[in-house]
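The values are calculated or read from the model by the stated rules, or taken from the named source; none is laboratory data. Every value quoted in this text rests on a predicted model; they were computed, and no experiment measured them. For neighbour counting, all protein chains shown are included, and Cβ atoms are generated from backbone atoms with ideal geometry for every residue, glycine included. Ligands, DNA and RNA are stripped out before the accessible areas are found, and what is left, the full protein with its side chains, is counted by its heavy atoms. Shrake-Rupley method; radii C 1.70, N 1.55, O 1.52, S 1.80 Å.
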Amino acid sequence: MGKDLKGRELGEGISQQSNGTYCARFTDRSGKRLSKRSKKLQEVRQWLANMEFVSEHSDIDHAASMTVDAWYEYWIDLKRKTVRFNTVRNYEKRYQWNIKDVIGNMLLIQVKPTHCQKILTNMANAGYKSTTMSQTRITMYNLFELAKENEIIQSNPCKKSVKCDMGEQSEKREALTIDAQKKFLGACKGSSYENQWRLVLQTGLRTGELVALKWSDIDFSARTLAVKRSM
């Protein structure tokens, strides 16, 4: 078990160097030793989790015959264990709705930047907002980046040249003015949701954070509320 500079346990394969940098080390099934260094502990932990998952679940020896669909199943299973539910849901939607039909049946090693661009161009032609197209590009980049880190592909095909700013611009969101908030609260007064709306306006909680609240999260004596989870 590795330790940080204060002697606290960091987990197997992770240590902290004298300059404060965290280092994760991993040996793959072929015996090749890999390492990752970062100032951020979470970043090296994520990298190590990625390496361990791929080593356990994927057949690197037959990577040349692996389709994008097959790699996606490995990748999204890992994400379900390491990132928030809403992030996974966005990844799944973008892959199933926009990416799969274009490159899902292709071999992973055959995907080029032009294929990634085609996905985004199709979305622009279909009238997608630029924000949704940006989410799709992020999904593709992360999907292929893990394959690159494991040397299944030589480079990430979702390069800087793959553009996603060609879609319709999303409408700018603006916060309610104080006057508008007062009118809104006046309109919902007496409704079953009045207290929820008041809490949201006073705290800025997201919907998932609001519905996940427990009485134990509230300290009435200190007049504080702790956001500890999301739905």
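Worth pointing out:
- Using only side-chain charges placed at the Cβ, +1 for Lys and Arg and -1 for Asp and Glu, the dipole size of the chain relative to its Cα centre rounds to 720 debye.
- In this structure, the residue pairs whose Cα-Cα separation is over 19 Å, taken from LYS79/LYS148; LYS3/LYS148; LYS118/LYS163, are LYS3/LYS148.
- Here r is the Cβ-Cβ distance between THR87 and CYS188 and R0 is 35 Å; the resulting FRET efficiency, rounded to 0.05, is 0.65.
- Considering only TYR95, MET231, ASN50, and ranking their Cα positions along the charge dipole of the chain that arises from unit charges at the beta-carbon of Lys, Arg, Asp and Glu, the one farthest toward the positive end is MET231.
- Cα gyration tensor, the chain - rounded (a/c under 1.5), prolate or oblate: oblate
- By a 1.4 Å probe calculation restricted to protein chains, MET106 has an accessible surface near 40 Å², given to the nearest 10.
- For the range 129-171, accessible area per residue (1.4 Å probe, heavy atoms of protein chains only), Å²: 55
- Amide H contacts of THR67: LEU108, each under 5 Å away and 5 or more positions distant or on a separate chain (H built 1.01 Å from N in the peptide plane; Pro and chain starts excluded).
- If you take the Cα centroid of the range 147-196 and the Cα centroid of the range 1-28, the two points sit 36 Å apart.
- Annotation: amide H of GLY2 within the under-5 Å range of LEU10, GLY11, GLU12, GLY13, ILE14, sequence separation 5 or more or interchain, hydrogens built in the peptide plane.
- Global geometry of the range 106-207, whether rounded, prolate or oblate, following the gyration tensor of its Cα atoms and the 1.5 cut on a/c: prolate
- Distant-in-sequence amide H partners of LEU34 (H built 1.01 Å from N, under 5 Å): PHE26, THR27, ASP28
- In order along the range 132-137, the Karplus-derived 3J(HN,Hα) couplings, from 6.51 cos²θ - 1.76 cosθ + 1.60 at θ = phi - 60°, round to 5, 5, 5, 4, 5, 5 Hz, and Gly and Pro are given as x.
- Farthest toward the positive end of the dipole of the range 100-231, out of THR121, GLY190, SER155, is the Cα of GLY190, where the dipole comes from beta carbon charges about the Cα centre.
- For the range 38-181, the residue among ILE138, LEU176, TRP75 whose Cα projects farthest onto the positive side of the dipole built from Cβ charges is LEU176.
- Of the solvent-accessible surface of the range 166-231, computed with a 1.4 Å probe over protein heavy atoms with every protein chain present, carbon and sulfur atoms account for 53 percent.
- Taking all protein chains together, THR114, THR67 sort by accessible area into THR114, THR67, largest first [probe 1.4 Å].
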